[in-house]
1. Using unit Cβ charges (K, R positive; D, E negative) and no other charged atoms, how large, in debye to the nearest 20, is the dipole of the stretch 72-139 about its Cα centre?
2. With labels modelled as points extended 7 Å from the Cα through the Cβ direction, what inter-label distance (nm, one decimal) is found for THR126 paired with ASN157?
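Bear in mind these aren't lab numbers, they're just calculated from the coordinates by the rules spelled out. Everything quoted here is computed from the prediction, not taken from an experiment. Cβ coordinates were reconstructed from backbone atoms using ideal geometry, including for glycine residues, and neighbour counts include every protein chain displayed.
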Amino acid sequence: GRTDNTESAKAERKNGGGAYLKESAALIDCEITGNGTGERGSVAYSPDSFGWLIRCYVHGNDKNGGGFQIYDTTSIVDCYVDGGDNTAYYCREGAIILNSTIAKGGARSWSNISAYNSYLSSASHTGGEFKLFNCAFMGENKYDGKKIIPDESCVFNVAKEDNLGE
C-alpha cells in the first residue's frame with residue numbers, strides 16, 4: 001500500500017500511530033485500533049493528497065491521549081469511528097463524510113467539508129463551512145447556519161442506538 005511508517009513520517013505525525021496515507025491512497029475493509037495518537041498525532045493522516053477510508057472500523061486509538069482519529073484530507077465512506085475522549089474526525093477542504101457513523105468525539109471542519117447520510121455525535125468548526133445533508137445528530141439543533149449548515153433533511157435528538165432505517 002501507500003502508507004509510510006518511516007521515522008520521518010512518524011515524526012510528521014507527532015508520535016501518532018496507524019496509517020500515514022501518501023499520494024491518493026485508500027484503506028478498504030480495515031480495522032484501525034490500539035494505536036496511540038500522541039500529542040496532536042493522528043491514526044489516519046493524509047497530508048499531501050486525498051486519502052480514503054472505506055468500510056473501516058476506527059476505534060480504541062486513544063492510548064496516549066490527545067490527537068485525532070482521522071485528520072487532514074482523509075475522507076470516510078461507510079465507516080464507523082469512535083474517537084473516545086478525542087476528536088474523531090478533524091479534516092480540511094475536500095474531505096467528505098459519507099454513509100458513516102461517528103459515535104464519539106464528533107467531527108470538526110478545518111475548512112469547507114461536507115457530510116452526507118451520516119450519524120455524528122457532534123459537529124463543530126475551526127474554519128470554513130461544514131455542510132450537512134441528511135444527517136442525524138445526538139443533541140439539539142444548536143447550529144447557527146453560518147459555519148455549520150444543516151440541510152432541512154437532518155434529524156436531531158437521536159441516539160446511536162435509534163433505528164433510522166437505511
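1. Approximately 120 debye in magnitude.
2. Each label point is offset 7 Å from its Cα along the Cβ direction, giving 3.3 nm.
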